[in-house]
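The values are calculated or read from the model by the stated rules, or taken from the named source; none is laboratory data. The structure displayed is predicted, hence computed values, not measured ones. Virtual Cβ from ideal backbone geometry, glycine too; neighbours counted across all protein chains shown.
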Amino acid sequence: MSSFALAVKHLSVDVATPSGVIRPVDDVSFSVRAGRTLALVGESGSGKSITCLSLLRVLPPSASVVAGEVVFEGMNLLGLPAEAMSRLRGSKIGTVLQDPHASLDPLFTVGDQVREIIDYQQAPGRAVSRQRSVDALRRVHIPAPEQRYASYPHQFSGGMRQRAAIAMAVACNPSLLIADEPTTALDVTIRLQVMRLLAELQAEHRMAMLFVTHDLHVVRSFCDDVAVMYAGRIVEQGPVEQVFAAPAHPYTAALIDAIPTLAKRRTRLTAIDGQPPSFTALPSGCRFAPRCPAAQPQCVAQYPSWQARPTAEGSGAACWRATEMLDGRLNIQ
Amino acid sequence: MHIKRYIAPTFLAAVVFVAVFAPWLPLFDRDAIDLASALQPPSANHWFGTDNLGRDTFTRVVYGSRTSLSIVVAAVGAGGGLGCLLGLLAGYRGGWFDAIIMRAADLQYSLPPVILALVATVALGTGMANLVIAISLATWPRFARIVRAEALHLRQRDFVLLAELGGASVARVLLQHLLPNMLNTVMVLATLDIGLVVTLEATLSFLGLGVQPPDPSWGTMIADGRAYLSQAWWLTALPGAILVATILAVNTTSHLLRQRQDERMEVAFV
């Protein structure tokens with residue numbers, strides 16, 4: 001057995017749009033190590049969220065998985081009967097979404113919503129499930145959980161709501177947590193608290209976490225591995241320290257370069273010129289080539305094959321010039 | 001507290017109370033014919049005057065409220081319930097089910113409700129139950145359409161997705177998360193529907209397909225009184241006034257209830 005909690009292999013998703021069928025997730029492979037956090041980063045519209053939805057098998061009707069495998073605890077999730085998948089989602093796989101204001105039903109108390117999940121999955125009886133949901137609220141550091149159990153979502157602040165949403169996700173002790181931009185809608189100060197909470201819960205329950213974000217600060221401080229997505233494809237994957245120290249893909253390099261730091265504060269913020277390509281008109285070669293400072297004729301002609309990074313298993317980049325980048329022969333600044 | 005807030009609910013409660021306890025109240029015999037005192041104007045004895053057969057109009061308004069209110073409750077319940085259920089399923093499931101339900105609703109819309117209810121009563125025969133069925137057939141599409149639109153909108157919200165991810169059944173998602181969140185809309189529709197149902201009931205009764213004489217209903221009383229409008233205005237005007245006041249009270253009460261609900265949710269939706 002591998003030590004991977006979740007392995008996504010060659011996943012492709014098609015979406016029917018008025019202007020034709022597009023493929024926002026194209027041959028995507030990545031894996032989350034047991035008890036570790038994989039950050040899936042990329043700009044808006046790069047296919048991160050659709051990837052998550054297809055792992056959970058809750059794609060909208062217009063979208064469908066056309067190829068690939070999602071292996072979780074030895075099972076291919078995509079081939080599982082709907083009933084078994086439904087069991088798995090509530091108990092073994094927890095989900096935290098971006099907007100804490102939308103994650104909670106405004107008409108029910110916070111505690112009841114946590115209890116609902118426990119009831120669906122374990123049906124332990126009213127008193128026990130109530131106790132367990134109070135425990136879940138306590139685990140996410142909601143003060144006075146017995147009293148706050150009966151509070152309505154509007155009586156909670158944004159950070160508290162996200163804590164409650166996390167309590168719902170971890171109420172049944174999942175072994176995998178899928179967090180789709182859980183800190184994006186929060187204040188910067190709250191963001192750090194929520195990240196610490198997630199890290200703490202992860203250590204406590206030895207959960208694997210798939211963490212979707214576009215906040216590279218968070219990736220650097222809290223994640224173990226990183227997969228970078230661009231225009232529907234994974235362009236680079238590897239351990240966070242190695243990728244940040246020496247990116248093997250010019251897109252990753254440009255992203256890291258665009259992080260504002262205190263040292264750079266007197267200069268203008270850097271940005272990547274141009275726009276990501278539209279899914280209806282993708283370049284035939286490397287999708288980043290039109291914006292890439294290191295593009296060569298080969299990059300435009302042919303999609304790059306995967307170039308492995310020798311220092312870490314399973315990591316590498318989809319770039320013809322990855323080896324040059326890693327050797328330091330090519331410097332993108 | 002504002003005393004005004006209690007006027008409408010109190011009136012509504014009084015109407016319901018009088019309707020329920022009519023047989024035990026000190027009223028005239030609703031069917032007693034007394035031609036000698038026909039068409040008397042309102043007086044201390046006959047509050048709402050008497051009709052062409054000398055029957056006490058107030059007594060008949062009270063007994064009419066029993067008929068009218070039970071038809072309203074049954075028809076709004078049946079038509080609204082059916083419409084909500086179909087609308088919820090159509091909006092949530094989508095696809096062919098949605099297409100069938102919505103085309104059926106469109107079909108329904110293309111026929112005037114009165115004609116439809118008319119055909120239904122002719123086919124089913126007269127009587128209270130059939131009247132309710134006929135009226136419900138004419139009123140469900142409005143509920144179905146609007147509830148479907150709300151369901152389409154709410155389905156997108158994350159808490160619905162999270163409930164599904166947590167393992168909630170379709171019935172639970174629909175009844176526990178979608179329906180309560182659209183209760184405002186459903187209540188507005190239901191109150192608006194009450195006026196329509198009373199009118200439909202009156203129309204059908206007027207055509208002899210609804211409530212049969214000598215049973216009084218508000219609709220039949222207003223319709224019957226038209227013949228004497230020049231001599232006896234009270235036969236139409238006073239039952240009409242009670243009808244208007246009742247509908248107004250229902251509207252106001254539901255508005256108050258919604259306000260209370262909004263106060264619970266106001267922060268959630270800023």
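The condition (being of a type in the set (Gly, Ala, Ser), assigned to a helix (DSSP H, G or I) and away from chain B (no Cβ under 11 Å)) is satisfied by just one residue among A:ALA102, A:ALA127: A:ALA127. Looking at the stretch B:169-224, which of the residues that are in a loop (DSSP other than H, G, I, E, B) and of a type in the set (A, V, I, L, M) is farthest from B:THR67 (Cα to Cα)? Restricting to residues being in a loop (DSSP other than H, G, I, E, B) and of a type in the set (A, V, I, L, M), the top hit is B:MET182. All of A:GLY111, A:GLY94 fail the test of being modelled with pLDDT of 90 or more, assigned to a strand (DSSP E or B) and either more than 9 Å from chain B (Cβ to nearest Cβ) or under 28 Å from B:LEU179 (Cβ atoms) (or both), apart from A:GLY94. Take the conditions (1) free of Cβ contacts under 8 Å to residues at least 60 places away in the same chain; (2) within 14 Å of chain A (Cβ to nearest Cβ); B:LEU183 misses just one of them, which is (1).
The set of residues in the stretch B:246-257 being touching a residue at least 24 places away in the same chain (Cβ under 8 Å) and under 18 Å from B:ILE3 (Cα atoms) consists of B:LEU248, B:ALA249, B:VAL250, B:ASN251, B:THR252, B:THR253, B:SER254, B:LEU256, B:LEU257. When the stretch B:125-160 is limited to residues that are free of Cβ contacts under 8 Å to residues at least 12 places away in the same chain and of a type in the set (S, T, N, Q), the one that is nearest to the other protein chains (Cβ to nearest Cβ) turns out to be B:GLN156.
All conditions but one from (1) crowded, with 18+ Cβ neighbours inside 10 Å; (2) of a type in the set (A, V, I, L, M, F, W, C); (3) free of Cβ contacts under 8 Å to residues at least 24 places away in the same chain; (4) over 27 Å from B:THR126 (Cα atoms) apply to B:LEU229; the one that does not is (1). In this structure, does B:GLY77 turn out to be of a type outside the set (Phe, Trp, Tyr), touching a Phe, Trp or Tyr at 6+ places or on another chain (Cβ under 6 Å) and assigned to a helix (DSSP H, G or I)? Against the criterion (of a type outside the set (Phe, Trp, Tyr), touching a Phe, Trp or Tyr at 6+ places or on another chain (Cβ under 6 Å) and assigned to a helix (DSSP H, G or I)), B:GLY77 does not qualify. When B:ALA223, B:ALA190, B:ALA163, B:ALA171 are screened for being closer than 30 Å to B:PHE58 by Cβ, of a type in the set (A, V, I, L, M, F, W, C) and either within 14 Å of chain A (Cβ to nearest Cβ) or without any contact (Cβ under 8 Å) to a residue 60 or more places away in the chain (or both), only B:ALA223 passes.
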